[in-house]
1. Report the number of Lys pairs in segment 5-64 whose alpha-carbons are under 16 Å apart, with separation of 8 or more residues or on distinct chains.
2. Between Ile6 and Arg50, with labels modelled 7 Å along Cα→Cβ, what's the label distance in nm to one decimal, could you check?
3. Compute the distance in nm between two label points, each set 7 Å from the Cα along the Cα-to-Cβ direction, one at Ser65 and one at Lys38.
4. For Rg and Dmax of the Cα atoms in Å, the choices are [x] 12.3, 41; [y] 11.7, 39; [z] 13.5, 49; which was calculated from the structure?
5. Give the relative contact order (percent, whole number) for the chain; include only Cα pairs under 8 Å separated by 6+ residues.
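Please treat every number below as a calculation from the coordinates, not as lab data. Given the structure is predicted, the values throughout are model-derived calculations rather than measurements. Note that we place each Cβ from the backbone using ideal geometry, even for glycine, and neighbour counts take in every protein chain shown.
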Amino acid sequence: MPAVYICPICKEQFYSRKLARDHIKKAHPEKIREVLSKIREDKRRNLEKRGIDPENWAAGMILGSIT
C-alpha cells in the first residue's frame, strides 16, 4: 500500500511527499509566510547558503507537523 501524505491544513491526500509539499506552497502561502516569519534571519540565510529553498523547507515543516 503506497504512503499517503495528508495536508494538515485542508486534509487533502497525496501519494507523493513532493506533490503534498507543492500543494501546501500553492494553496496555503499564508502558512508558508507564517512559518518563515517565525525563524531567525540567520537560519533563513543558512538555508539559502546550503542551497535549500526556504519555501520548500517551510512546506516540509508544515507537512511534517502531523507525521
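1. Details: Lys11/Lys25; Lys11/Lys26; Lys11/Lys31; Lys18/Lys26.
Close lysine pairs found across segment 5-64: 4.
2. Modelled inter-label distance: 2.9 nm.
3. 0.6 nm
4. It is the one labelled [x].
5. On the way: 55 pairs, mean separation 23.1, N = 67.
Over the chain, the number comes to 34 percent.
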